[in-house]
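This report concerns only the one structure given below.
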Amino acid sequence: MTTIEHAIARSEHRNLLARMMNLQLFWVFVAAVVACLALTLLTDTFATERNLFNVARNFAFVGIIAIGMTTVIASGGIDLSVGSSVVLGAMVISVLMAGGMGFWLAASLSLGIVLLVGLLNGLLIAYGGMPAFVVTLGTLSGVRSLAMVLSDNKMMWEFGPDHGLLLWIGGGSTLGIPHPLYALALLAMIISLAFKWTRWGQYVFAIGGNENAALLTGIPVKRIKVSIYMFSAFTAGLAGILMAGWLGSVTTNLGQSMELTVIAAAVIGGANLAGGEGTAIGAVLGALLIEVIRNSMILLGISTFWQGMFIGTFIIVAVAFDRIRHFRS
Amino acid sequence: MSRLVLSGISKSYGAIQALSSVSLSLEPGQVLGLMGDNGAGKSTLVKIIAGNFAPSAGELKIDGKPVVFHKPKDAQREGIEVVYQDLALCDNLSAASNVFLGREAMARLGPLRYVDYRHMNEVAADLFKQLKSETRPRDLVRKMSGGQRQAVAIARTLLSKPKIVMMDEPTAAISVRQVQEVLDLIRRLRDQGITVILISHRMPDVFSVADRITVLRRGELVANKEASRSSPEEVTGLITGAIDAA
Ligand SMILES: Nc1ncnc2c1ncn2[C@@H]1O[C@H](COP(=O)(O)OP(=O)(O)OP(=O)(O)O)[C@@H](O)[C@H]1O
Ligand SMILES: [Mg+2]
């Protein structure tokens, strides 16, 4: 190819990519900024340091899991069990720490157990050939029940010798930025790179784009699928541990119906429920927009009962937006 | 020595007998036209040779050596490449990514390995040029015409200097000019000593490139002869069953 052809190929590609990928993200970002500006003007409580700190932290939890969910959705699947994995992760670490175990060992064991949930999901979906929706609906129910059995349905609030460390890791901040936000930033960076530059990332999107093609070209589809559900469970477990530290207590309703918020965040951020599309940055922006709006409802005195309506509407609007986009192209 | 020998290949899907005891042999640089009605078992035979699944019975030999494939990678390692009927492309990925799907080029950065898009784009651009196709390696397949998609699928097979290339209906959904290009390409593959198995319903395409014609009917091999000693009329009769065997 001559350099001119090269340049043309490149520029056309850029424009195309820019149009395809950035449109939705751009508008999500604009919406979040507009919402923030409006709230700053309309209320005197939004732009306070305390409230912004809370928004930042809350959105980090949803964002972390939304990155896992985006991976699942990009591969053409869905994971409804993340809310239950959150409570299982939080419950395992609190029970172990209450029993006197140190933070790092308890956190590793907690993540290990949550990874087993992902492994179960992945095995049933990839090797058992069952629909992801059904399998993860089953584990959604089973895993929360497991967390209840584990805690004997008691509230956990005493975390043994490393009590302070857990609260600092989940609820503290460094340089004015809450710790969960660091976890989110690190995860978003690693996964953005992995999506683009690793074979694993290519395969996630290949499977979501055309699973049959992925199989025919010899991609280890089953193993990749298992890894995807394990990664999703890992993000949920990580969020569960951080939430335990932030709240300072764990009850069995932690993470209840969080899967819907997370799916909404992923879809708003451009993850295509039909598979093949999604970005980590999109997941983060989607989570940000949802949290800002949720926060604004509280500050504006709108009943929290409306939150479910808002999440549901958002999922449908985002999917409709996607349909229109594909219809046009 | 024969490039590919099939002896007694059978395959059943539960109660359906898709192939019953198919035997044939192919030489290097031969083009085989594989014909048969819908459901005759053509795709099934191709998938067995490509290692997508094992035959229920029978054996394969490549260059005289018996081979058993457990997965497509095993067949690729023996130099077998396939252009699938549905092309097996991922619409959401670029042309170059599709060409390299499942065998991405990796580069090193210290201890890290990453997907080498630059190399993949260069190689893909080169292959498209060989195919005289106006396909840009960075474009998403979703945006491509039928001919360009064919070019992507065919470029994929050329990546690894194959011994045998199988094409399932490569000329079904493309323009007349593109058909000529694909047929030219098949001749070029043949000139390089590559054995080509071409599945097609289009009689003129088959007769213009094939050295041998093989006809399957309901999973049975009913003819296997030189193209120059057959005719479209005879093959039509064989396919429909008006002629029993030849
Ligand atoms: N995965 C499968 N499960 C069950 N039966 C199958 C499967 N794949 C193919 N068959 C059956 O095996 C027989 C041969 O199918 P095959 O796809 O090989 O035919 P074909 O000659 O390629 O047809 P076409 O010209 O329509 O592509 C058909 O009866 C088909 O219904
Ligand atoms: Mg077929």
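Read-outs throughout are calculated quantities, based only on the coordinates presented, and are distinct from any laboratory measurement. Predicted model only: the values in this text are computed from it and were never measured. Positions of Cβ are generated from backbone atoms using ideal geometry, with glycine treated the same way; all protein chains shown enter the neighbour counts.
Couple of notes before you dig in:
- Other protein chain Cβ atoms within 10 Å, averaged over every residue that makes up B:100-111: 3
- In order along the range B:131-143, phi translates into HN-Hα couplings of 7, 6, 9, 8, 10, 8, x, 8, 5, 6, 4, 3, 8 Hz, rounded to whole numbers, per the Karplus curve 6.51 cos²θ - 1.76 cosθ + 1.60 with θ = phi - 60° and x for Gly and Pro.
- If the Kirkwood radius is taken over C-alpha pairs of chain B, then at 10 °C and 1.306 mPa s the Stokes-Einstein diffusion coefficient equals 85 µm²/s.
- The residues packed around B:ARG218, meaning those with a beta-carbon under 12 Å from its beta-carbon, carry a net charge of 0 if Lys and Arg are +1 and Asp and Glu are -1.
- Positive-end extreme of charge dipole, the protein assembly as shown - chosen from A:ILE268, A:GLY286, A:TYR127 (charges on Cβ): A:TYR127
- Relative contact order of chain A, defined on C-alpha pairs under 8 angstrom at six or more residues apart (%): 32
- Mean Kyte hydropathy of -0.5 or more with a Cα span along the axis of at least 20 Å, helices from DSSP in chain B: B:176-191
- Peptide A:234-247 has a mean of 0 when you count, residue by residue, the C-beta atoms of other protein chains within 10 Å of its C-beta.
- Convex hull volume per residue for the protein assembly as shown, taking Cα atoms only, in Å³: 188
- Potential extension, B:LYS65-B:LEU112 segment - 0.36 nm per residue separation minus Cα distance: 13.1 nm
- A Cβ-based charge dipole, computed about the Cα centre of the protein assembly as shown with Lys and Arg at +1 and Asp and Glu at -1, lands at about 680 debye.
- About its Cα centre, the dipole of the range A:59-258 is roughly 440 debye, where the only charges are +1 on Lys and Arg Cβ and -1 on Asp and Glu Cβ.
- Computed [θ] at 222 nm, helices only, for chain A once each DSSP H run of length n ≥ 4 contributes -39500 (n - 2.57): -25000 deg cm²/dmol
- Translational diffusion of chain A was estimated from the Stokes-Einstein equation, with Rh taken as the Kirkwood radius over Cα pairs; at 25 °C and 0.890 mPa s the coefficient is 120 µm²/s.
- Spin-label model, B:ARG188/A:MET309: points 7 Å from Cα along the beta carbon direction are separated by 6.4 nm.
- Shape call, the range A:39-111: gyration tensor on alpha carbons, a/c limit 1.5: oblate
- Dipole of the range A:59-258, positive end: most advanced residue of A:GLY83, A:ILE207, A:PHE59 [Cβ charges, Cα centre]: A:ILE207
- Shielding value for B:134-142 is 4, the average number of Cβ atoms from other chains within 10 Å of each residue's Cβ.
- Ranked by the mean number of other Cβ atoms within 10 Å of their residues, highest first, the peptides A:71-83, B:91-103 come out as A:71-83, B:91-103.
- Computed over the range A:84-216: relative contact order in percent, which uses C-alpha pairs under 8 Å that are six or more apart: 27
- Options B:MET166, B:ILE49, B:ALA95, ranked by Cα towards positive dipole end of chain B, top entry (Cβ charges): B:ALA95
- The amide H of B:MET166, built 1.01 Å from its N in the peptide plane, has B:GLU81, B:VAL82, B:VAL83, B:ILE197 as neighbours under 5 Å, considering only residues 5 or more places off or on other chains.
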